[in-house]
Amino acid sequence: MFIPKNYTAESVTSGHPDKICDQISDAILDEALKSDPESRVAIEVFGAHGLLVIGGEITTKADIDYKKIAQDVYQKIGYQDKLEIITNILNQSKDISIGVDSGGAGDQGIMYGFATDETSEYLPKGVVFAHKLARKTEECRRREDSFLLPDGKSQVTIKDGTLIVLVSSQHEKNVSHEELSSFIRKNIIDSVFEREELSQILINPAGSFEVGGFTADTGLTGRKIMVDTYGGIVPHGGGCFSGKDATKVDRSAAYMCRFVAKNIVANNYAQECLVSVAYAIGKKDPLMLEAIDEKGRDLSKLVKDKFDFRPQAIIERLNLKSPIYFPTAAYGHFGREDFPWENLISL
């Protein structure tokens, strides 16, 4: 079994500094793809204390106002202060584009995909609960009667069959810990864990959380890769997703691995499945493609017979030239039915 008896998974709200950066990166990607589906995009964002830096490489026919996109995303998340925004964006390297133009991978590396029949989302229970808590925190803080603010985190620990739940949320000034705890317990925790027995509940365990976002901490694109994927329960190749177009196999091949793993489990070939693939930059065919089930049985032949892992084939199968990426940038890239790599097929 891949899922250990004891483990912890976390999620963060859209107002977390790292997630602000992810969302800006993917908003820029979507803007490029709307006008030019052939856009090549690799955008990184760094934010800290009123300053936002947007850097990277873009080759596109689209006319993109980077600063406006960034400020709009920031304000839609719920922050009203004005950012000082610096951009340093160049065209994609010709050395890279030569290999990609011929259908090769946009980088080297290894990618993983995982699925389990433990939940209807085909994800580990702790990962599902952590995202539900974070999403519910965001939903509640957007209510008119709420004193919650955009930044926040959730965490779920599964230990010896029990659940330990942690929610931390930024809040307005002069809100007592008792009032905050009561609100979060009633409106967030109890609604997520209606039928679950909780052994411990922690709410803002450090006390006051009045200052959040870039005022309190720095943010960086791709720094929440475990939140984005499987909570650290299975391996991760190390490459982030946000801000990258689908020629970057860090993103597209990871989506394909998830698509394959989920469908292997859904078609009853395994209860749990881990798929891994590796590429060389500029080459079409993977250097390695492996799949195993929860008992260590080799499912690689099944995967190779049923699925095409060449980068262009992945892009076509999952329709990855569409501007679909901004919603992925908060609350996980997997376990959500509105993404094409989550579609179920018959094998």
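Assorted remarks:
- Unique residue being polar (S, T, N, Q), in contact with a Phe, Trp or Tyr (Cβ under 7 Å, 6 or more places away or on another chain) and within 20 Å of Glu10 (Cβ to Cβ) when the list is Gln170, Gln155, Gln200: Gln170
- When each of Gln71, Gln108 is tested for being under 21 Å from Tyr325 (Cβ atoms) and surrounded by fewer than 19 Cβ atoms within 10 Å (Cβ to Cβ), the lone residue that passes is Gln71.
- The set of residues in the stretch 217-266 being within 22 Å of Glu294 (Cβ to Cβ) and polar (S, T, N, Q) consists of Thr229, Asn263.
- For Lys284, the stated conditions hold: it is in contact with a Ser or Thr (Cβ under 8 Å, 6 or more places away or on another chain) and basic (Lys, Arg).
- Of all residues in the stretch 244-282 being buried (at least 24 other Cβ atoms within 10 Å of the Cβ) and of a type in the set (Ser, Thr, Tyr), the one that is farthest from Asp117 (Cα to Cα): Thr247
- Criterion (part of a helix (DSSP H, G or I) and buried (at least 16 other Cβ atoms within 10 Å of the Cβ)) met by exactly one of Ile233, Ile184: Ile184
- Residue ranges of helices (runs of 4 or more DSSP H) in the stretch 1-109 with at least 2 members modelled with pLDDT of 95 or more and not small (Gly, Ala, Ser): 17-35, 66-77
A quick yes/no check of all residues on (1) over 24 Å from Gly103 (Cβ atoms); (2) part of a loop (DSSP other than H, G, I, E, B); (3) of a type in the set (Phe, Trp, Tyr); (4) out of contact with any strand residue (DSSP E or B) (no Cβ under 6 Å at 6 or more places or on another chain):
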| position | (1), (2), (3), (4) |
| --- | --- |
| Lys295 | yes, yes, no, yes |
| Glu316 | no, no, no, yes |
| Pro323 | no, yes, no, yes |
| Gly332 | yes, yes, no, yes |
| Arg336 | yes, yes, no, yes |
| Ile345 | no, yes, no, yes |
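- Any hit, the stretch 272-288, residues being farther than 17 Å from Phe2 by Cα and without any contact (Cβ under 8 Å) to a residue 12 or more places away in the chain: yes
- Any hit, the stretch 192-199, residues being touching a residue at least 40 places away in the same chain (Cβ under 8 Å), in a strand (DSSP E or B) and out of contact with any Cys (no Cβ under 6 Å at 6 or more places or on another chain): yes
- In the stretch 194-213, the qualifying residues are those that are closer than 27 Å to Lys125 by Cβ and among the β-branched types (Val, Ile, Thr), and the one that is surrounded by the fewest Cβ atoms within 10 Å (Cβ to Cβ) is Ile201.
- Within the stretch 24-56, the set of residues being of a type outside the set (A, V, I, L, M), more than 22 Å from Leu83 (Cα to Cα) and in contact with a Leu (Cβ under 9 Å, 6 or more places away or on another chain) comprises just one member, Ser39.
- Single residue of the stretch 289-332 satisfying the filter (in contact (Cβ under 8 Å) with a residue 24 or more places away in the chain and among the hydroxyl-bearing types (Ser, Thr, Tyr)) that is surrounded by the most Cβ atoms within 10 Å (Cβ to Cβ): Tyr325
The values are calculated or read from the model by the stated rules, or taken from the named source; none is laboratory data. It should be emphasised that the depicted structure is a prediction, and the values quoted were computed from it without experimental measurement. Positions of Cβ are backbone-derived with ideal geometry, glycine not excepted, and every protein chain shown enters the neighbour counts.
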